[in-house]
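A short worksheet on the structure shown next.
The values are calculated or read from the model by the stated rules, or taken from the named source; none is laboratory data. This is a predicted model, so every value here is computed, not measured. Here the Cβ positions follow ideal geometry from the backbone for every residue, glycine too, while neighbour counts run over all protein chains shown.
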Amino acid sequence: MTLRHFLGVIKRIGLVDESITKVEVENQVSAGIKWRSLGPDMVPIFEEHSARLERGYTLTAWYALEPMERAIVIAQRRLENASKNIHNDAQTAHAKKNAGKNSRKR
């Protein structure tokens, strides 16, 4: 069975390709902030407008886009954030591993 991942951004975990938006990072700190949406399967307004502002769209230009175009912009932002989180997690794990090696040498 072949799984298709949105925009093809995956991380190989063992023998499984997992969408990067579903990968849990080990080295993270949570501020406990949750974005609320107006309903299930809806994008929180704050997230939508953050994506809009980051891409330089005015409100008029943003709402002139087709809903699928806006969804792709938001999805791209989510993928970028997930990728950065996974990269930062790997760097933190690497630093911790090297810190353990350096402390044993002393």
Counting only residues in segment 41-60 that are charged (D, E, K, R) and in a helix (DSSP H, G or I), the one nearest to the chain's Cα centre (by Cα) is identified as E47
Conditions first: (1) part of a helix (DSSP H, G or I); (2) modelled with pLDDT of 65 or more. L38 passes all but one, so which condition is the exception? (1)
Can you spot a residue in segment 68-77 that is modelled with pLDDT of 90 or more and surrounded by fewer than 13 Cβ atoms within 10 Å (Cβ to Cβ)? yes
